1. Quick check: the angle from helix 199-208's long axis to the longest principal axis of the chain, C-alpha only, nearest 10 degrees?
2. Please list, or write none, the lysines whose alpha carbon is within less than 17 Å of the alpha carbon of Lys214, excluding same-chain residues fewer than 8 places away.
3. Sort the following peptides by mean Cβ neighbour count (other Cβ atoms within 10 Å, averaged over residues), highest first: 16-24, 353-361.
4. Ordered by residue, what ³J(HN,Hα) values in Hz, to whole numbers, does segment 52-69 give under the Karplus form 6.51 cos²θ - 1.76 cosθ + 1.60, where θ = phi - 60° and Gly and Pro are x?
5. Whole-Hz ³J(HN,Hα) for each residue in segment 104-115, computed from phi via Karplus 6.51 cos²θ - 1.76 cosθ + 1.60 with θ = phi - 60°, x for glycine and proline: what do you get?
6. How high is the relative contact order of segment 1-103, given as a whole-number percent (alpha carbon pairs under 8 Å, six or more residues apart)?
7. In what order do Arg174, Arg436, Arg239 fall by count of nearby beta-carbon atoms within 10 Å, going from fewest to most?
8. Straight-line reach from Lys164: which lysines fall under 16 Å, measuring Cα to Cα and dropping same-chain residues less than 8 apart?
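FYI, it's all coordinate maths here, none of it is from the lab. For clarity, every value in this text was computed on a predicted model and none was experimentally measured. Neighbour counts are summed over all protein chains in view; Cβ atoms, including those assigned to glycine, are modelled from backbone coordinates with ideal geometry.
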Amino acid sequence: MTEQLIFQLGSNNWQRQGEFAPGSGILHEAHHIALNGMDGVSCYSVFPSKNQTSDDPKVRVFELDHDIPICESISPISSYRFHSMSEEEFEAYVDRVQAFATSCIDEAEAREGRPVTLAVAHHTFINPLVLSRINREREAAGRPQFKLVCFVHGTALKMFSHEKAGTDPEYPARFLPYMIEADVFTPGPGVDACAAISKEQLANFGDVFEAYPKDRMILSPNGYDTSIFKPNPACYSQRQEILESLKLAESPVASAPMSIDTRPDKVVSFCGKFADWKRLDAVLQAASKYEKSGNIATLIIGSGPDDAIAHYHGMAYDDLQLQNTWFLGPRPHAEIAQLNALADVGVYPSRGEPFGLVLIEAMGCGTPVIGANSGGPKDFVTDEVGALVPECEGDDLVNAIVRTVDEALSQDWKSTKGVFAAQFAAENFSVVSQCRNLLKDLGL
């Protein structure tokens, strides 16, 4: 591989300096670290935050005085949607991102003494728009252009899909026509290739941008940090001590417990943001049933906006009166790995999960997983590592989760499927292999 100078532009913060991040921010940071560990590669990255700083010359923070704008749903730290911006606010934001990215690319090229060969735009909205404009400006100025790849993530596609369907008044046809008119997803002047972490994401991208050439779309299964998410039998054997040491998330519900005061025989875990499509409500309703069949605890890792926290805590403690379900709030990766390792099974029934990195991370810790038969998990959750419940809603989904959890615990999947899950994840989903394969697929 010839030497590469890579520039990455992210839409979300990294998980560092006490600030939690959504999946695309975590992936961006992991790619940055992996790429800079490869021979002949130097990678520079930019991401937005109103809280973080950086003294690393290869990492620049796009400073904000407001929450990070998002496309759809929620992130762990923001509910500020692009559709809430006025036209003037939106254009000013894009212009500021473009000016900052241009200056960072210039600084990187001056420091390295060579031009950027590859730019990676995370998400299918602002970043490919900005980087394609920068490339056009470079061409007009007689400067070398870089190859531009867009790493497709779920929330931007969901926003465009809402706009295209035209059935949700919260998503009027605004930004999809804007992107089409800007000629962003046209190889040559725009994005040269698109990569996504699942076959379903590629299909969704093709449905939104129908004219984009299929031979420029790359499947790039997600990678995870194998140095953090790995089997740890000591966590399982010391489960009670670990659980008793955990501090619970603050709750707005008066009936919420103050600490973990049970000695469970089995532990079920859930990790994800408090968004409707993650279907935490189904997990809680399932817990109200499988709790009655044995001494089973449920750990809820993650968080969301205040109204979502109030909703799910109220459902758990006031409505369902759960006795062994514990909200732990967002946690650093090292602690999530520890909680994965002590669990008997992880339950992640998201609707149309773009990929399912949390499932891969749990598998990497030797924990079998239960997902829904939609989205990314269809690509890797087999009978050897866990199970997929049917893609359904309401009582049908809840009952399917209960049946599968009962099966996982009664058959001790932790001792059987968990061992294979750890091997499968490590062999197929390391972030280093993902980056290496992506560069190979791009011909670099």
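1. Orientation of helix 199-208: about 50 degrees from the principal axis.
2. Filter leaves Lys199.
3. 353-361, 16-24
4. Along segment 52-69, the couplings run 8, 9, 8, 10, 7, x, 8, 10, 10, 9, 7, 6, 10, 10, 8, 4, 5, x Hz.
5. Per residue, the Karplus-derived 3J(HN,Hα) values read 5, 5, 4, 5, 5, 5, 5, 5, 8, x, 7, x Hz.
6. Contact order relative to length: 22 percent.
7. Going from least to most buried by this count: Arg174, Arg436, Arg239.
8. Those lysines meeting the cut-off do not exist here.
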